[in-house]
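The next block holds one structure in the form of structure tokens; read it before the comments.
The values are calculated or read from the model by the stated rules, or taken from the named source; none is laboratory data. Worth saying up front: this structure is predicted, and the values here are computed from it rather than measured. Using ideal geometry, Cβ is built from the backbone for each residue, glycine included, and neighbour counts are taken over all protein chains shown. In case anyone asks, the SASA skips ligands and DNA or RNA and just uses the protein heavy atoms, side chains included. Shrake-Rupley method; radii C 1.70, N 1.55, O 1.52, S 1.80 Å.
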Amino acid sequence: MTDHDSQAFRPNNTVTVHGANSGNIASGNRDVTQLASTRSNMATADIAEIMRAVIEVAGSLNMADRDRDELVRTAESAQYEIEGPNPDDGEIKSLGSRVIRFLGRASDSVVPVVLTKYLELKLGLGSAE
């Protein structure tokens, strides 16, 4: 039997792990080949751009000053998290959800609605249609 023939009979195991993970996984026999990769399903560059837009338009939104200030602080926190050395998808999603709640308090403007839908889409919240 050639090397090619033995390769054809070698079992191929695929393991998919979701979430924040680190470390090695070995399965099969003594000859193990591993390929490790991490990926984020979040479009962080787009989310950062949305946060910049939120900060830019916050002053023109019809909402209580306290809510506006908190909206800006939360959007800035999201930007810092995204641009930091180890962005945490869970934290970004949490901050994004808070921004969405504050945008919901603005009235008399279509801008918060558009920003909310786009942010929901990019955060993967599933309610953007």
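The reciprocal of the average 1/r between distinct C-alpha atoms defines the Kirkwood hydrodynamic radius, which for the stretch 53-103 equals 11.1 Å. Per-residue surface analysis assigns Asp65 an accessible area of about 100 Å², computed on protein heavy atoms at 1.4 Å probe radius. Amide H to amide H distances under 5 Å link Leu125 with no residue, where only residues 5 or more positions off or on other chains count and H is placed in the peptide plane.
Other residues within the sphere of radius under 15 Å centred on the Cβ of Asp65, judged by their own Cβ, net out at +1 (K and R +1, D and E -1).
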